[in-house]
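Shown next, in structure tokens, is the structure this report addresses.
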Amino acid sequence: LPESKLQGLVNIFDHVRITGNNYRMLSYPAVILIDGEREQRFFDVKFQRYDQGDNEEDVRIFCVAHNVTEQVLAKKQLELNEAELQRRVHERTQELDTINKELQQSNLSLEEFAYAASHDLKAPIRKINMLAQRLNRELAAELNESQQRVFEKMEESASRMLTLIDDLLSFSHISKGAGVFDEIDLNNKLKKVLDDLEMEVLEKGAQISFEKLPVVWGNRRQLQQLFQNLISNALKYTK
């Protein structure tokens, strides 16, 4: 194989001849002539020196080259396929991560909207309902049967709307989690809740007193909901 001279094989042969150390290479790339064409092949090559004969300069080296081109090319193709698969998995993971972040942001926006919408609608509808009830009581003696049914339907519709809003508010509050934290002046929060509950307080003839409250670190909506629930329950469960 004269073409092997420039590919390092002769040097390895000389190394084994001089040192007496055997030598082995795995998947060694070599260009050889096949049907007059130079083609690269891969070999597992072993050089083994045998004991000298009577003549010390008479050196015998046994060389075996096993063609492992198919195995090497198959392994390289497998590595390429694995690298391509890893690339696709990485790209898909990034895409899913982006989609997940967008979905989380979308869910957060929906939760914020649900909370804000339910909270902002609840107070005026409650006032409409209570005003309708008061007007119904004050005009009870003057109302005919048809007018009385109209008031009843109005109160029933307002009550149903309040129930729906309460359900929406509860769902938003549970799914929203802790949310963003800020410095919250509890005095302002309590004042806002009392404004929302004004009609219930008047209807019950209740008196609500409180001392100056601190500024705390917490979630704005949850702290307002805390006062809303405490005072609403106090008004609801008292004669």
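The values are calculated or read from the model by the stated rules, or taken from the named source; none is laboratory data. All figures in this text were calculated on a predicted structure; none of them were measured in a lab. With ideal geometry, Cβ positions are generated from the backbone for all residues, glycine too; neighbour counts draw on all protein chains shown. SASA here: full protein model, heavy atoms, side chains in, ligands and nucleic acids out. Shrake-Rupley method; radii C 1.70, N 1.55, O 1.52, S 1.80 Å.
When you filter the GluC sites (Glu not before Pro) in the range 37-109 for DSSP loop state and at most 13 other Cβ atoms inside 10 Å of their Cβ, you are left with 56, 57. Relative to the Cα centre, the charge distribution of the chain, modelled as +1 at Lys and Arg Cβ and -1 at Asp and Glu Cβ, gives a dipole magnitude of about 980 debye.
Rolling a 1.4 angstrom probe over the protein heavy atoms with all chains in place gives the chain an accessible area of 73 Å² per residue. Here the chain is scanned for chymotrypsin sites (Phe, Trp or Tyr not before Pro) in DSSP loops (not H, G, I, E, B) that have at most 16 other Cβ atoms within 10 Å, and the longest stretch holding none of them is 1-209.
Rounded to the nearest 10 degrees, the angle from helix 186-196 to the longest Cα principal axis of the chain is 60 degrees. Rounded to the nearest 0.05, what FRET efficiency is calculated for residue 23 and residue 76 with R0 set to 25 Å and r the Cβ-Cβ distance? The pair residue 23/residue 76 has a calculated efficiency of 0.55.
One entry in (1) 1.30; (2) 2.49; (3) 1.03 is Cα Rg over 2.2 N^0.38 Å calculated from the shown coordinates; its label is (2). Pop a pseudo-label 7 angstrom from the Cα along the beta-carbon direction at both residue 195 and residue 34 and give the gap in nm to one decimal. Going from the residue 195 label point to the residue 34 one covers 8.7 nm. Peptides 155-163, 28-36, 196-204, ordered by how many other C-beta atoms sit within 10 Å of their residues on average, highest first, read 196-204, 155-163, 28-36. On the beta carbon distance between residue 146 and residue 203, with R0 = 35 Å, the FRET formula returns roughly 0.85.
Heavy-atom surface analysis with a 1.4 Å probe gives the chain a carbon and sulfur content of 55 percent of its accessible area. In terms of accessible area, using a 1.4 Å probe and ignoring ligands and nucleic acids, 150, 193, 10 rank largest first as 150, 10, 193. Entry note, the chain: the mean residue ellipticity at 222 nm calculated from DSSP H runs of n ≥ 4, each adding -39500 (n - 2.57), is -22000 deg cm²/dmol after division by the residues and rounding to the nearest 500. On the beta carbon distance between residue 229 and residue 104, with R0 = 41 Å, the FRET formula returns roughly 0.90. Charged neighbours of residue 206, selected by a Cβ distance under 12 Å, balance to 0 (K, R count +1; D, E count -1).
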